[in-house]
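Reading through the structure tokens given below for one structure.
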Amino acid sequence: MDCLFCEIVKGNIPSKKVYEDESVFAFWDIAPMAPVHVLIVPKMHISSVNEVTSENSAVISHIYEVAAQLAKELGVAEDGYRIVTNCGKNAGQTVFHLHFHLLGGTALKVEMC
Ligand code: AMP
Ligand code: ZN
């Protein structure tokens, strides 16, 4: 399997790591869309939200715990931030390893689509 984010998690492709534990990895987005733009990913390969099941969904709630912690550490918790997950073609998903964009550090556009 040829997955960019699996390779980043394994350290085979370099990234600017923000956080790591036994099940989650977070790193700065290579093409940031906001002053704070971090990607939070499960270490296990899940292609998209379409592949989330009762068997693997525990990591999703853990990702939100990590997001809350990182938002505080990165200084965006008080002013606010957005967490975005694109799923599939119409949403513009380009990397098919589930990931959560944590965006903040400025006033984000109100439009969602
Ligand atoms: P999405 O379009 O939702 O699939 O998001 C994929 C994100 O991965 C984009 O914001 C890219 O800028 C980001 N990205 C792609 N390659 C890398 C990389 N090597 N390191 C960090 N972020 C990356
Ligand atoms: Zn993967």
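The values are calculated or read from the model by the stated rules, or taken from the named source; none is laboratory data. As the structure is a computational prediction, the values presented were derived from the model and not from experiment. Reconstructed Cβ throughout: ideal geometry from the backbone, glycine too, with neighbour counts over all protein chains shown.
With the structure loaded, tell me whether F25 is within 12 Å of ligand 1 (Cβ to nearest atom) and either assigned to a helix (DSSP H, G or I) or touching a Lys or Arg at 6+ places or on another chain (Cβ under 9 Å) (or both) or whether it fails that test.
Yes: the conditions hold for F25.
Scanning for something within 13 Å of ligand 2 (Cβ to nearest atom), assigned to a loop (DSSP other than H, G, I, E, B) and modelled with pLDDT of 95 or more, does region 61-77 turn up at least one residue?
Scanning region 61-77 turns up no residue that is within 13 Å of ligand 2 (Cβ to nearest atom), assigned to a loop (DSSP other than H, G, I, E, B) and modelled with pLDDT of 95 or more.
Which residues, taken from region 8-20, are more than 8 Å from ligand 1 (Cβ to nearest atom) and surrounded by 15 or more Cβ atoms within 10 Å (Cβ to Cβ)?
Residues satisfying the conditions are V9, V18, Y19.
Considering region 72-111 alone, what residues qualify as being surrounded by 14 or more Cβ atoms within 10 Å (Cβ to Cβ), more than 11 Å from ligand 1 (Cβ to nearest atom) and farther than 18 Å from P42 by Cβ?
Selection gives L74, V76, A77, Y81, G104, G105, L108.
So if I check each of A58, A68, which one is more than 17 Å from L103 (Cα to Cα), away from ligand 1 (no atom under 11 Å from the Cβ) and either among the basic types (K, R) or free of Cβ contacts under 8 Å to residues at least 40 places away in the same chain (or both)?
Every option except A58 fails the conditions.
Could you say whether any residue in region 96-103 is part of a strand (DSSP E or B) and in contact with a Lys or Arg (Cβ under 7 Å, 6 or more places away or on another chain)?
yes
Is it the case that some residue within region 36-50 is β-branched (V, I, T), touching a residue at least 60 places away in the same chain (Cβ under 8 Å) and touching an Asp or Glu at 6+ places or on another chain (Cβ under 8 Å)?
Yes, the conditions are met somewhere in region 36-50.
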